Amino acid sequence: MSTQQQQHSTYAASCPDCDVDLHSEDPNEIVEFYRRHSSVTGHDVEFTRIGPDLVDAVTEDDLKEVYTLKDVVTQLEAEYENGVPIGAVAAAMSEQGLSIGETLEKIHEIRMGGGLYEPQDDHLRAF
């Protein structure tokens, strides 16, 4: 990917330990990058860029209120017809200080508790 394409990608993530990164328009591609990279190296991957529309969707009147993961899914549901991509949830939660790995763990916990479901793979809706 060229430098110009990288500058215009909506999402970007990198591993601070390995100095590898990924730029993408698809937030779930960032999660797949995390899964592959973490399984091989044991390192976490951090979002370095998320779309401004996503930040706006999960903040209210510049109060920078802290949202729970389920709140984020609920707020983003209107934006996605077939469920909220887990990558978008992970990006939004990174703004709340959670890593991709921590977000995936919380998603699993909430799904097992009945608070979220997957209408399709790697996409969420809240109950």
Checklist outcome for this item: For the chain, longest principal axis from Cα atoms; helix 27-41 axis from its Cα atoms; angle between them, nearest 10 degrees, is 60 degrees
Next on the checklist: Per DSSP helix of 4 or more residues, -39500 (n - 2.57); summed, then divided by the residues of the chain. What does that give at 222 nm, rounded to the nearest 500?
Outcome noted: -13000 deg cm²/dmol
Checklist outcome for this item: region 15-55 scanned against label point 7 Å out from residue 120 along Cα→C-beta; backbone N under 14 Å for 27-29
Next on the checklist: Between 0 and 90 degrees, rounded to the nearest ten: what's the tilt of helix 100-112 against the longest Cα principal axis of the chain?
Outcome noted: 30 degrees
Item to check | Cα point-scatterer Debye curve for region 85-127, base-10 log of I(q)/I(0) at q = 0.15 Å⁻¹ | outcome: -0.32
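Throughout, read-outs are computed from the coordinates displayed, never taken from laboratory work. All of these numbers come straight from a predicted model, not from anything done at the bench. Here the Cβ is made from the backbone with ideal geometry for all residues, glycine too, and neighbour counts use every protein chain on show.
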